[in-house]
Amino acid sequence: MLPTSLPLLSKGGHATHCKRCLSGLPSSQVDIDPAKLALSFYCLGSLDVSGELEKKTRDWEREQWREWIWSQQTREPVLKSKCVGELSQSPGGHYGTGFRASSYMTTKHSTEEYSGHDNPQIIMTYTALLSLSILRDDFSRLDRKGLLKFLRSCQNIDGSFSSEPLGGDSDLRTTFCAFAISTMLDDWSGMDVANALQFICSCRSYEGGYGQSPFGEALGGTTYCALAALQLATKQLDPLSLQDRQKTIRWLVQNQASNGGFSGRTNKDADACYCFWCGASLHVLNAGDLIDKAAMTSFIASCQFKYGGIAKIPGEHPGTPFSNPLTLQQTLS
């Protein structure tokens, strides 16, 4: 039983805040523009899990957002070289298709011209597909063949995935995105699954959690990425022994602080986002009953901002992307 004194979830305020962000960021948040696609996912996800998407938005708005997301799908262009009549493949043409972060600093979009900012990015591709799913799109315009080619071009020798074919971040976050994309496509031919699973297992720390890369400190977010990826690929977390599973559960449970929130690392302060990362990890391990749900709900409720959004900790401004849909989902459940 939850205590009756808990503040109500301010769904209306959170919905208004998210819609405001979808309409356009203020000048103070212009640095977020290069990652606008990820921000859109957080806002749409928050609206969806709170049941406010169709209540607070109109059909033409949702269609407009769908069209904007599809406009971020990259192509495999062919460049005209300096020699008249001679064609050459663009740098991006070898690596398949996906979704770029936004139209930020992008010039023309045609099959004859290429901008380096048009390169697909694996995290943005992940958020684009999720956003289209939230908007009930049927994926009929998705270049599946090109997307699988893109995934193959991002996988490294050690099994991990880079954020882009030409490099970028390479850790458990980007690797999880590759697993999630493969699941949404229902096609695993875009990766060497065995090699990727081996990389995930190599990121396991002595504490029972998972770091971003091998020998890294265990983090709540990357622990979720590891466990969720294993679950997506194997359906039952086969790579984990009973002892490993118990050790991970123990570490996650210990991360719940006395104020009800979860910390992302050992001996760190709790914050709202880790209520999802650690809480969801325990659910993946079928140990969600070990969470003190009343305390966690009380902590998240205290992080609500009076004008909408959920802050990292009580008393702070929620910032951008304002409301983590996954944190909202924890509160609602």
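If a residue counts only when it is more than 30 Å from residue 246 (Cα to Cα) and of a type in the set (D, E, K, R), which helices (runs of 4 or more DSSP H) contained entirely in segment 112-205 have at least 1 such residues?
Details: elements: 122-134, 144-154, 172-185, 193-202.
By residue number, 144-154.
For segment 232-306, give me every one of the helices (runs of 4 or more DSSP H) that falls completely inside it and has 3 or more residues that are polar (S, T, N, Q) and either over 22 Å from the mean Cα position of the chain (by Cα) or surrounded by fewer than 16 Cβ atoms within 10 Å (Cβ to Cβ) (or both).
Correct list: 242-254, 293-302.
Which one of these does residue 25 not meet: (1) within 25 Å of residue 185 (Cβ to Cβ); (2) modelled with pLDDT of 65 or more?
If we test residue 25 against (1) within 25 Å of residue 185 (Cβ to Cβ); (2) modelled with pLDDT of 65 or more, just (1) comes out false.
Can you report the number of residues in segment 234-285 which are of a type in the set (Gly, Ala, Ser) and closer than 22 Å to residue 206 by Cβ?
Total satisfying the criteria: 5.
Could you grab me the full set of residues in segment 156-168 that are surrounded by fewer than 19 Cβ atoms within 10 Å (Cβ to Cβ) and touching a residue at least 12 places away in the same chain (Cβ under 8 Å)?
Selection gives 156, 158, 166, 168.
The values are calculated or read from the model by the stated rules, or taken from the named source; none is laboratory data. Because the structure is predicted, anything quoted here is derived from the model rather than measured. Because the Cβ atoms are built from the backbone with ideal geometry, glycine has one as well, and the counts that use them run over all protein chains shown.
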